[in-house]
1. If I ask for residues that are open to solvent by less than 50 Å² (accessible area, probe 1.4 Å) and of a type in the set (Val, Ile, Thr), which ones from the range A:1-41 would you list?
2. Which one is farthest from RNA strand B (Cβ to nearest atom), of the residues in the range A:375-424 that are open to solvent by 70 Å² or more (accessible area, probe 1.4 Å) and assigned to a strand (DSSP E or B)?
3. Kindly provide the set of residues from the range A:8-23 that are of a type outside the set (A, V, I, L, M) and farther than 19 Å from A:Glu66 by Cα, ordered by number.
4. How do the helices (runs of 4 or more DSSP H) wholly within the range A:277-374 filter down when requiring 2 or more residues that are touching a His at 6+ places or on another chain (Cβ under 9 Å): which remain?
5. Can A:Thr49 be described as away from RNA strand B (no atom under 11 Å from the Cβ), modelled with pLDDT of 90 or more and open to solvent by 40 Å² or more (accessible area, probe 1.4 Å)?
6. Return yes or no: is A:Glu310 farther than 19 Å from A:Leu103 by Cα, more than 14 Å from RNA strand B (Cβ to nearest atom) and of a type in the set (D, E, K, R)?
7. Can you tell me which of A:Pro111, A:Pro82, A:Pro44, A:Pro118 is near RNA strand B (Cβ under 10 Å from one of its atoms), in the same structural domain as A:Trp22 (by TED's automatic domain parsing) and surrounded by fewer than 17 Cβ atoms within 10 Å (Cβ to Cβ)?
Amino acid sequence: MTLQFQTPRGTKDILPGEMPKWHYLEHVLRDIFTKYNFREIRTPVFEDTDLFARGIGGTTDIVQKEMYTFLDKGGKSYTLRPEMTAPVVRAYLQHHLGQTKALQKMYYIAPMFRQERPQAGRFRQFHQYGVEIMGTQAPLADVEIITVGVEFLRRLGLKDIHLKLNSVGCLVCRPVYKLELQNQLRPVLEQLCGDCRNRFHTNPLRILDCKKENCRALTEEVDPIDNYLCDECKSHFGEVKALLTEVKIPFEPDKRLVRGLDYYTKTAFEIITDQLGSQDAICGGGRYDMLAKEIGGDAVPGVGFAAGLERLITVMDKAGLFPETDPHLDLYLIGLGDAARSWVYRTAMQLRRNNLICEIDYQQRSLKAQMREANRLNAGFTAIVGENELKNGSIPLKKMETGEQSDIPIEVFAGEIIKSVGRS
RNA sequence: GUGGGAGUAGCUCAACUGGCAGAGCACCAGGUUGUGGCCCUGGCGGUCGCGGGUUCAAGUCCCGUCUCUCACCCCA
């Protein structure tokens, strides 16, 4: 069958059958975020295009080629959000959240949009969860962010995850390092790949991140940024590492980790898994002390991460880490004949009001069909009601697992069921 | 945006060098006129992704296109 309408390229329906996985992850996320005292924030799915252009940075791939941008009827340019940090900072500034509380700790679980070629672990609409702490430069805030991300993955039971850590400096020291990098690479500039030759001018730090064998070799001997960090960045980075060690969160310093968004300062980190192939980053984040100012507000420091739910689900599936979900019914009520169906319907309503999960047949199907349905729905019990039962005033209740059957007087049926099958 | 692989029933897949489009599972019904799962029997279900071309004849060959998939770029 060829349907005229299908999900747009790179998008997916999340069908009822897979929803338990999403609910499970969302439940654990909210639970752990709440314990760390983060509160949820929701912002519009689209924003002023300039918010992203300026916030994320004009030279980034996200802005240059991945944004879903459209004009509204007034000719104004909007963009479906490709990430959530810029909108959160925008909301923080717009609502003067810094005035009401010194520190804002926020989390989100929300869809994002990027117009890229779909691939394993990459979609055009995907979901991210993330946290942000705004209003402090304290290294402990960085560590809290990293901790909450790692703790979540640990609680899910994930093994084989690696935390990669670096500092990308600040406005004081990064320009110095950029120049130094250019000086050191200039002699080999012609040997770098085409992308890297461009990066040499636009964003030399990204050359370190190139995955090409040749480029990596050429940059192997380059001085790491550590040697050029200003005193403040150096001590900040040192403290982050010390605190992580203190709370026993293993990390791997990675001088090549620079991240693709321009707004990062100081701490940058990624959590990767070796189960995912080339899209191995499962969580990425860092500090962004210049972002608020960049989008036109006061300078407000912040730190946060974003992580992808679809990728996480892939990893969880591979590792078999989702708990067995056992969708079931407490009771399937079978009605045969008009009078019985009416009784069954009224009884089902009464039981549902008392917190039992009940189902009935809508289509006057045969007893066999209804039994089959009860079995398929994994019903704990089935009650079979026809003319005889109404006449005799006695309802047979069948325990599906064992097949044993007992009769319950019709006038006390609901009460007995609520008592014996129901939960408090 | 660039390159490789793939699209046949709801799902997983067959169909030789072009010659009537199939199986398993699932679904529905019957065997059992009021008792699920197991078993048996039958049934429903396809514009072979879409469009064009070659041919007496195309699921099969050619071109285009869409989608999926993998990789590059980059990212969650």
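The values are calculated or read from the model by the stated rules, or taken from the named source; none is laboratory data. Keep in mind that this is a model prediction, so the values were computed, not measured. Here the Cβ positions follow ideal geometry from the backbone for every residue, glycine too, while neighbour counts run over all protein chains shown. We work out accessible area using only protein heavy atoms, side chains counted, and drop any ligands, DNA or RNA first. Shrake-Rupley method; radii C 1.70, N 1.55, O 1.52, S 1.80 Å.
1. If the condition is that a residue be open to solvent by less than 50 Å² (accessible area, probe 1.4 Å) and of a type in the set (Val, Ile, Thr), then A:Thr11, A:Val28, A:Ile32, A:Ile41 are the ones that fit.
2. A:Asp407
3. A:Asp13, A:Pro16, A:Gly17, A:Glu18, A:Pro20, A:Lys21, A:Trp22, A:His23
4. Those helices (runs of 4 or more DSSP H) span A:309-319.
5. No, not satisfied.
6. Against the criterion (farther than 19 Å from A:Leu103 by Cα, more than 14 Å from RNA strand B (Cβ to nearest atom) and of a type in the set (D, E, K, R)), A:Glu310 does not qualify.
7. Only one candidate passes the filter, namely A:Pro118.
This table checks each residue for (1) open to solvent by less than 10 Å² (accessible area, probe 1.4 Å); (2) closer than 30 Å to A:Arg30 by Cα.
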position: A:Leu153; (1), (2): yes, yes
position: A:Gly169; (1), (2): yes, no
position: A:Val176; (1), (2): no, no
position: A:Arg199; (1), (2): no, no
position: A:Asn227; (1), (2): no, no
